[in-house]
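Enquirer: Right, I'll just put the structure down here and ask away after.
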Amino acid sequence: MGARAVALRISSPEGVASGVELDAGPITIGRAAPEHTPDVALGPDPQRWAGRLHCTLDFANGMWSVTDNASVNGTLLRHGDNTERLQGRRRIQHGDTLLILGDMSPGGEPLYWKLTFLDPHTTRPAPFGSPSEVRHIGPCLRYDWVAARAYRSEGGVETSITGLRPQGHQLLRYMAGRSTSGAAVACDHAELITALWGAREEWAPHRSYTRADIAGVVRAVRRRIEVDPSNPQILETVTGIGYRLNVCAGTGNGAGTGNGRLT
């Protein structure tokens with residue numbers, strides 16, 4: 001008999017049950033839209049309670065984690081008797097449930113999508129003391145807003161990033177600025193196109209920008225910030241959606257130490 005797969009048990013706001021097995025990830029969860037179908041589609045959702053890229057499940061370092069991708073209505077994580085709003089990336093364990101607002105009752109009560117994480121391999125010891133926390137032990141990026149410099153951080157060692165082009169700086173500044181307390185942040189293609197080239201009405205006549213243009217900027221950035229650009233760990237691809245930046249604590253929301261020298 002084959003090994004049992006990790007899965008999500010899903011209950012809709014109406015109580016309709018379903019399930020999905022999880023591959024290695026990333027697993028995108030959100031609302032289906034034209035030209036966009038997440039791995040786990042929450043719908044129908046005509047009032048758009050769920051975001052297109054609402055949250056993402058990942059498997060790394062022997063454990064699963066979940067990241068809320070700056071969704072408008074947020075994601076709740078229920079672990080045992082404790083339910084709290086998901087901030088950044090958190091470990092998810094067997095029996096944990098993600099709650100995503102899907103509707104409101106006539107009396108104003110919230111009705112949630114309930115996605116319960118089922119991992120048959122529950123005998124492995126937890127690598128960290130906290131049962132629900134994921135400590136980002138991989139490489140991350142710190143952006144110094146005063147000196148306009150980026151640093152790669154891994155294992156307590158920081159390396160100054162050189163050779164970034166202006167659009168590369170613009171991309172990193174935008175994404176790092178959307179992070180909260182150093183949490184990973186994801187942005188879709190359309191958002192990044194607007195961040196780098198402005199709204200469509202600002203474009204030069206007969207000029208348009210596409211995912212290919214964003215991909216070109218990302219490739220150039222990865223050549224500078226990643227040890228192995230073909231296997232990115234800082235600026236990751238979220239398949240079919242956009243990109244996610246792993247940010248070091250203290251970088252987001254315009255924070256900066258000002259330790260870099262102004263040149």
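Enquirer: Restricting to DSSP loop positions (anything but H, G, I, E, B) with no more than 13 other Cβ atoms inside 10 Å of their own Cβ, which trypsin sites (Lys or Arg not before Pro) remain in the range 31-95?
Expert: Loop-located and lightly packed - Arg48.
Enquirer: No other cysteine beta carbon under 4.7 Å away is the test; run it over the chain and list who passes.
Expert: That list is Cys55, Cys187.
Enquirer: Cα axis of helix 211-225 to longest principal axis of the chain: angle in degrees, 0 to 90, nearest 10?
Expert: Once rounded, the angle reads 70 degrees.
Enquirer: Angle check, please: helix 166-177 long axis (alpha carbons) against the longest principal axis of the chain (alpha carbons), in degrees 0 to 90, nearest 10.
Expert: Here the helix axis deviates by roughly 40 degrees.
Enquirer: Can you pull out the chymotrypsin sites (Phe, Trp or Tyr not before Pro) in the range 178-231 whose DSSP state is coil and whose Cβ has at most 15 other Cβ atoms within 10 Å?
Expert: Passing sites in the range 178-231 are Trp203.
Enquirer: Give the distance, in whole Å, between the Cα centre of the range 144-186 and the Cα centre of the range 1-80.
Expert: Centre-to-centre distance over Cα atoms comes out at 28 Å.
Enquirer: If every alpha-carbon in the range 140-245 counts as one equal scatterer, what log10 I(q)/I(0) does Debye give at q = 0.12, 0.16 1/Å?
Expert: The Debye formula, applied to the Cα set alone, gives -0.40, -0.70.
Enquirer: If you rank Cys140, Cys55 by fewest surrounding Cβ atoms within 10 Å, what's the result?
Expert: With the sparsest Cβ surroundings first, the list reads Cys140, Cys55.
Enquirer: Follow-up question, since we're still on this one. Enumerate the amide H contacts of Thr75 below 5 Å, restricted to partners 5 or more residues apart or on another chain; note that Pro and chain-start residues carry no placed amide H.
Expert: Distant-sequence amide H within range of Thr75: Leu86.
Enquirer: Let me ask you something else. Check which residues have an amide H placed less than 5 Å from His54's amide H, if you skip close sequence neighbours.
Expert: Answer set, sorted by chain and number: Ile29, Gly30, Arg31.
Enquirer: Then there's this: From the Cα trace of the chain, what convex hull volume per residue do you get, rounded to a whole Å³?
Expert: Hull volume normalised by residue count: 170 Å³.
Enquirer: Per q in 0.10, 0.12, 0.17, 0.23 1/Å, what log10 I(q)/I(0) does a Debye calculation on the alpha-carbon atoms of the range 7-118 return?
Expert: Relative scattering, expressed as log10 I(q)/I(0), comes to -0.26, -0.37, -0.77, -1.48.
Every number in this text was worked out from the coordinates using simple rules, so none of it is lab data. Treat the numbers as computed from the prediction; the structure is a model and nothing was measured. Ideal geometry is used to build each Cβ from the backbone, glycine not excepted, and the neighbour counts take in all protein chains shown.
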